[in-house]
1. Name the pairs whose Cβ atoms lie under 7 Å apart, with the first residue in region B:102-130 and charged (D, E, K, R), the second buried (at least 17 other Cβ atoms within 10 Å of the Cβ), and 6 or more positions between them or separate chains?
2. Any chance region B:48-57 includes a residue that's open to solvent by less than 30 Å² (accessible area, probe 1.4 Å), more than 9 Å from chain A (Cβ to nearest Cβ) and touching a residue at least 60 places away in the same chain (Cβ under 8 Å)?
3. Inside region A:33-55, can you point out the residues that are part of a helix (DSSP H, G or I) and either among the acidic types (D, E) or open to solvent by 60 Å² or more (accessible area, probe 1.4 Å) (or both)?
4. A:G260 fails exactly one of the following numbered conditions: (1) small (G, A, S); (2) open to solvent by 10 Å² or more (accessible area, probe 1.4 Å); (3) touching a residue at least 12 places away in the same chain (Cβ under 8 Å); (4) assigned to a loop (DSSP other than H, G, I, E, B). What is the number of that condition?
5. Just to be sure before I move on: is B:L54 under 26 Å from A:T189 (Cβ atoms) and part of a loop (DSSP other than H, G, I, E, B) in the structure I sent?
6. Just to check your reading of the model, which residue among B:G15, B:G66 is at pLDDT below 90 and under 19 Å from B:P154 (Cβ atoms)?
7. What number of residues within region A:139-169 satisfy the criterion of being in contact (Cβ under 8 Å) with a residue 60 or more places away in the chain and either outside any helix (DSSP H, G or I) or at positive phi (or both)?
8. If we scan region B:198-209, do we find a residue that is over 30 Å from B:A63 (Cα atoms), open to solvent by less than 30 Å² (accessible area, probe 1.4 Å) and of a type in the set (V, I, T)?
Amino acid sequence: MRTKKVTFRHRWLPYALVAPQIVITLVFFIWPASQALYQSVLRQDAFGLRTEFVGLANFARLFADPLYLESFFTTVWFSALVAGSSMLVALVLAVMADRVIRQATTYRTLLIWPYAVAPAIAGVLWWFLFNPTIGILAYALEALGYDWNHYQDGTDAMTMIVIAAAWRQVAYNFLFFLAGLQAIPKSLTEAAAIDGAGPVKRFVTIQLPLLSPTVFFLIVVNVVYAFFETFGIVHATTAGGPGNDTVILVYKVWRDAFEGLNLGSSAAQSVILMAIVIALTAIQFRYIERRVEY
Amino acid sequence: MSDISLRDVRKVYSGAEAPTIPGLSLEIVSGELCVLVGPSGCGKSTLLRMVAGLEEVSDGEIAIAGRRVNDLEPAERDISMVFQNYALYPHMTVFNNMAYGLKNRGMPKDEIRRRVDEAAVMLGLDGFLARRPRELSGGQRQRVAMGRAIVREPAAFLFDEPLSNLDAKLRVKTRVEIRDLQQRLRTTSIYVTHDQQEAMTLADKLVVMNAGQIEQIGTPIEVYERPASLFVAGFIGSPPMNLLPPSAVPSLAPASAPEHALIGIRPESMVPADDGPIALDVRVVERLGATSTIHGRLPGLESDVIASVPSTVPADPGRTMRFSSPGDGVHLFDGRTGRRLG
């Protein structure tokens, strides 16, 4: 069957309508990305007076650099913690919200609010709460006998940025889990109840398997988030410290470029990150196409 | 085998003005197939869900096999249910769909295998046990849902409009299969439908419901031959019974009939007769093959009167045809209370 073609009388109108989007993409994505690609094969001295082509030397050096590999593993660990904890908390909240009937919209609205908070603000918020000198949570932890200090303890610092990053993402995950749960026909859980499955068993054997497409989608989205959107949180709280314990890849890109002034290496790191995000997106798209799996 | 009894069962949803079911009693004898029939919103599904334990009972008592079940979980009531949308677990194979309830009850594996195989053979599903529900046709899914109900060997089957997602032809075929299966297993069953034909053909006991209340209980033939109210008269039978004021057909109205009475004549009871008292101006003739349905007007009446006659009877729009009705084909109702007179 042929689809009907809509014809605009103004030849320029469609172009004018898509122009802003194209300009934004060109200026904020295509241009910087191509610059990064270009820079990643160059080496420049600190004053920007001399630039030479070095091929893949920047990449070779990165993969031989223990600091870079350490940062890589920090990032993997960080994103696993962020994705895992935020999805777990969101799932628990969604299951509970799914059972609420009265005032359901109020709960939902309140649970979505954290997503509206910018990452840097979220970071600062938790930084205040955990501040060893004035933070209420640090104070509470001390009362419980734990000496919290994210300035000195790498685990404390990592815990803090994971909480700050996951807190925002819980809201997002919650929305998807709730929608996923509500898309499961009620008669399925009723049939399972008649079949002798208690609430926990119903969840594990019926609802969770039917949520698996949502789970997979959210894993990808959360990993992408943890990899790329958490710069503000790290920058506003730990600044990578103590030592290099919370230097995640995006943070290292920024620090090597603007503090280390090693533009070539920073650009090479950007290119690697770009490759990762492209790979993740590709996986997600391929999966979504075959979404109706069960 | 066991009976089900409902005593003064009420259902009021919180926030609702009127009760969905204002108080209803019903006894279902062991081994019987009881059909609840009525228009949508009459409370028949709510009633079934209360028996299943999926809706709370506001008041009254439900007993299955002599045991009060009001406060029991659905799983503890020893019933199984076939849902309108079948409610098959989409991520499980046909085998696991049927075995799920047995596994949850900790039945030994070889016993599960035996029961599922037996049910699969009975339902003609033996080649499909490894498939997922989405790989099955509508009729096959329906049979898996039946299989899941059978393997448990429960005290009662509950059917919630199990045929309404099938096409017309398959519906008739499956209807016969359900009847056959129930007669073989002799399991007490409650069957909810809005389709009066399905209700007539399946029921041992027919319960006609309207607005949360029972209009009539009886065998299908009793209900058809002696409808207890105007509602039942209009609901059971297709095409529906003609309801006429006595003034329209004075010679058919008994002398004792009050002014506000209504005379009911089934289309099948309208017999063509040259000297009959009912003279219809024929408007439309529907030829169905074996019979023809004649829609016509009586002088002074707003709505059509319908007659169902053998197709050999000549009938053409624009003609006037005369009908009579044998004495036992005439029903008398009180137009104000809606109840049957005499």
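The values are calculated or read from the model by the stated rules, or taken from the named source; none is laboratory data. In this text the structure is predicted, and so the values were computed from the model without any measurement. Note that each Cβ is placed from the backbone with ideal geometry, even for glycine, and that neighbours are counted across all protein chains shown. With ligands, DNA and RNA removed, areas are computed over all heavy atoms of the protein, side chains included. Shrake-Rupley method; radii C 1.70, N 1.55, O 1.52, S 1.80 Å.
1. What qualifies is B:K103/B:I112; B:R105/A:G196; B:R115/B:L102; B:R115/B:V151; B:D126/B:A120.
2. Within region B:48-57, the first condition is being open to solvent by less than 30 Å² (accessible area, probe 1.4 Å), and the residues that meet it are B:48, B:50-53, B:57.
Of the ones still in play, those that are also more than 9 Å from chain A (Cβ to nearest Cβ) are B:48, B:50-51, B:57.
If we keep only those that are touching a residue at least 60 places away in the same chain (Cβ under 8 Å) too, we end up with B:48, B:51.
Yes, there is a match, as at least one residue in region B:48-57 is open to solvent by less than 30 Å² (accessible area, probe 1.4 Å), more than 9 Å from chain A (Cβ to nearest Cβ) and touching a residue at least 60 places away in the same chain (Cβ under 8 Å).
3. Answer for region A:33-55, where residues must be part of a helix (DSSP H, G or I) and either among the acidic types (D, E) or open to solvent by 60 Å² or more (accessible area, probe 1.4 Å) (or both): A:Q35, A:L37, A:Y38.
4. Going through (1) small (G, A, S); (2) open to solvent by 10 Å² or more (accessible area, probe 1.4 Å); (3) touching a residue at least 12 places away in the same chain (Cβ under 8 Å); (4) assigned to a loop (DSSP other than H, G, I, E, B) one by one, A:G260 breaks only (3).
5. Numbers: under 26 Å from A:T189 (Cβ atoms): yes; part of a loop (DSSP other than H, G, I, E, B): yes.
Criteria met by B:L54.
6. Numbers: B:G15 fails: under 19 Å from B:P154 (Cβ atoms).
The unique qualifying residue is B:G66.
7. Residues in region A:139-169 being in contact (Cβ under 8 Å) with a residue 60 or more places away in the chain and either outside any helix (DSSP H, G or I) or at positive phi (or both): 4 in total.
8. So the first thing to find is which residues in region B:198-209 are over 30 Å from B:A63 (Cα atoms), and the list is none.
Checked region B:198-209: no residue is over 30 Å from B:A63 (Cα atoms), open to solvent by less than 30 Å² (accessible area, probe 1.4 Å) and of a type in the set (V, I, T).
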